[in-house]
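Enquirer: Here's a structure for you.
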Amino acid sequence: MKRLFNLLLRIRRWPVQLASFLVMNSYFTQGVTKGLPCPGFNCYACPTAIFACPVGSLQHFVIIREIPFYVLGVVAFVGALGGRAACGWLCPFGFLQELMYKLPLPKWQLPPRLGWLRYVFIAILVVAIPYITLEPWFCKLCPQGTLEAGIPQIFLLPELRALIGWLYGLKIAILVAFLAWMAVSKRPFCRWVCPLGAIWSPFNPVSAVRLEVDHQTCIECNRCQQVCPVNIRIHENADAIECVRCLECVRVCPVDCIHITGV
Amino acid sequence: MKTQRPWLRSVALLLLSVSAIVLGLLLDQWMITWVNATLLCLSCIGIQ
Ligand code: SF4
Ligand code: SF4
Ligand code: SF4
């Protein structure tokens, strides 16, 4: 097991994230694989998507008034394996946010401890409003849907252009606002909005693969926080629910006090 | 308090999630998910 964890540390993350985006949007297996919820935030209305978006699917089950055993089961299975590792390694929207943050612009640190907002978004936009209105309201506002479906589908299907109205304008405005925010803050959508990350968060302390910190060795240099894509101090709590298990901190720790551990 | 046998907890969680998947499959939820994902979502595009 230790050898496997050491191998993980040698793998560079961005090629995996890029490959994951390409696989999730590889088009050809759509007819077979679209019934499988993907381990990340990838819109099923994207012309090339081969998997189902878990958040869109959950809203659909709320609307048809069925408990989503299958979708929640798949999401929980991924969480039970590695907590939020899919956020750090596989999610295309997480990858986009990290790329945008690399732009050389002034940076703004998000105030910590507002992660609970994500549960407000789940309760209101994924459950309550879809249940009442029978419409997937998270999707109607979702910036990933605009980017992967709203913009390309309008180009590919000219007949849709006549239907463009205020909602489309609102979605574009939300997308632009998030793109700007991503360029100045680390992963703002993941930390304050994403329902999928919110579902995976409680799995971090109980997943099969976790992190552990040797507090005796830690010199509190904060190198881990500097490289962390969600700006947390993992040395204070190895089970932090914000951690996306990217392992960047494990790589940079000068005294080697952060370790991967597992069943 | 940390449990003495964390592997047991992880295995239990994995089994629980697999059970949920199986139950969902028995309720034909794979097909419901597939149909919903395959039909073009106008809300995602932002035109309805
Ligand atoms: S609009 Fe957003 S939430 Fe809805 S299916 Fe697309 S990516 Fe998922
Ligand atoms: S929290 Fe971020 S990385 Fe995780 S699924 Fe949501 S958008 Fe993707
Ligand atoms: S604490 Fe470490 S593993 Fe977790 S997100 Fe930050 S850098 Fe990645």
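Enquirer: Restricting the search to region A:28-43, which residues are more than 14 Å from ligand 2 (Cβ to nearest atom) and either touching a Lys or Arg at 6+ places or on another chain (Cβ under 7 Å) or of a type outside the set (A, V, I, L, M) (or both)? Spell out how you get there, then give the answer.
Expert: First, pick out the residues of region A:28-43 that are more than 14 Å from ligand 2 (Cβ to nearest atom): A:28-36.
Result: A:PHE28, A:THR29, A:GLN30, A:GLY31, A:THR33, A:LYS34, A:GLY35.
Enquirer: Of B:VAL35, B:VAL18, which residue is more than 7 Å from chain A (Cβ to nearest Cβ), assigned to a helix (DSSP H, G or I), without any contact (Cβ under 8 Å) to a residue 24 or more places away in the chain and out of contact with any Ser or Thr (no Cβ under 6 Å at 6 or more places or on another chain)?
Expert: Values: B:VAL18 fails: more than 7 Å from chain A (Cβ to nearest Cβ).
That would be B:VAL35, the only listed residue that is more than 7 Å from chain A (Cβ to nearest Cβ), assigned to a helix (DSSP H, G or I), without any contact (Cβ under 8 Å) to a residue 24 or more places away in the chain and out of contact with any Ser or Thr (no Cβ under 6 Å at 6 or more places or on another chain).
Enquirer: Turning to a different aspect of this structure: Scan region A:194-230 for residues that are away from ligand 3 (no atom under 14 Å from the Cβ) and hydroxyl-bearing (Ser, Thr, Tyr) and report the count.
Expert: 1
Enquirer: Could you tell me whether A:ALA123 is more than 15 Å from the chain's Cα centre (by Cα) and under 24 Å from A:LEU36 (Cα atoms)? Working first, answer last.
Expert: Values: more than 15 Å from the chain's Cα centre (by Cα): yes; under 24 Å from A:LEU36 (Cα atoms): yes.
Yes.
Enquirer: Give me a count of the residues in region A:154-188 that are of a type outside the set (Phe, Trp, Tyr), within 8 Å of chain B (Cβ to nearest Cβ) and surrounded by 13 or more Cβ atoms within 10 Å (Cβ to Cβ). Before the answer, list the steps.
Expert: Here is the first cut: in region A:154-188, the residues of a type outside the set (Phe, Trp, Tyr) are A:154, A:156-165, A:167, A:169-177, A:179-180, A:182-188.
Then keep just the ones that are within 8 Å of chain B (Cβ to nearest Cβ); that gives A:154, A:160, A:163-165, A:167, A:170-172.
Narrowing the set further to residues that are surrounded by 13 or more Cβ atoms within 10 Å (Cβ to Cβ) leaves A:154, A:160, A:163-164, A:167, A:170-172.
Count: 8.
Enquirer: Return the only residue of A:ARG233, A:ARG191 being among the basic types (Lys, Arg), buried (at least 21 other Cβ atoms within 10 Å of the Cβ), within 12 Å of ligand 3 (Cβ to nearest atom) and more than 14 Å from chain B (Cβ to nearest Cβ).
Expert: Values: A:ARG233 fails: buried (at least 21 other Cβ atoms within 10 Å of the Cβ).
After applying the criteria, what remains is A:ARG191.
Enquirer: Then there's this: Test each condition in (1) farther than 21 Å from A:PHE93 by Cβ; (2) part of a loop (DSSP other than H, G, I, E, B) for A:ASN231 and report the one that comes out false.
Expert: Result: A:ASN231 passes all but (1).
Enquirer: Next question. Report yes if A:ALA177 is assigned to a helix (DSSP H, G or I) and either closer than 25 Å to A:ILE241 by Cβ or more than 16 Å from ligand 1 (Cβ to nearest atom) (or both), otherwise no.
Expert: Numbers: assigned to a helix (DSSP H, G or I): yes; either closer than 25 Å to A:ILE241 by Cβ or more than 16 Å from ligand 1 (Cβ to nearest atom) (or both): no.
Considered against the rule, which asks whether it is assigned to a helix (DSSP H, G or I) and either closer than 25 Å to A:ILE241 by Cβ or more than 16 Å from ligand 1 (Cβ to nearest atom) (or both), A:ALA177 comes out as no.
Enquirer: Continuing with this model, one more query. Just to be sure I understand, how many residues within region A:36-63 are within 21 Å of B:ILE47 (Cα to Cα), at the interface with chain B (Cβ under 9 Å from one of its Cβ atoms) and assigned to a loop (DSSP other than H, G, I, E, B)?
Expert: Number satisfying all stated conditions: 6.
Enquirer: Can you find, within region A:217-236, the residue that is farthest from ligand 2 (Cβ to nearest atom) among those that are in contact with a Pro (Cβ under 9 Å, 6 or more places away or on another chain) and farther than 15 Å from A:ARG251 by Cα?
Expert: Within region A:217-236, the first condition is being in contact with a Pro (Cβ under 9 Å, 6 or more places away or on another chain), and the residues that meet it are A:219, A:221, A:223, A:231-232.
Filter once more, so that each one left must be farther than 15 Å from A:ARG251 by Cα: A:219, A:231-232.
Values: A:ILE219: 30, A:ASN231: 14, A:ILE232: 13 Å.
In this case the residue turns out to be A:ILE219.
Enquirer: For the condition within 16 Å of ligand 2 (Cβ to nearest atom) and free of Cβ contacts under 8 Å to residues at least 60 places away in the same chain, what is the one hit in A:PHE69, A:PHE51?
Expert: Result: A:PHE51 is the single residue among A:PHE69, A:PHE51 that is within 16 Å of ligand 2 (Cβ to nearest atom) and free of Cβ contacts under 8 Å to residues at least 60 places away in the same chain.
Here is a yes/no grid of residues against (1) within 14 Å of chain B (Cβ to nearest Cβ); (2) closer than 17 Å to A:GLN144 by Cβ; (3) part of a helix (DSSP H, G or I):
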site	(1), (2), (3)
A:PHE77	yes, no, yes
A:LEU96	no, yes, yes
A:MET100	no, yes, yes
A:PRO104	no, no, no
A:LEU110	no, no, no
A:LEU114	no, no, no
A:ARG118	no, yes, yes
A:ILE122	no, yes, yes
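The numbers here are math on the coordinates, done by the rules we state, and not lab data. On a predicted model such as this, the values are computed, not experimentally measured, just so you know. Positions of Cβ are generated from backbone atoms using ideal geometry, with glycine treated the same way; all protein chains shown enter the neighbour counts.
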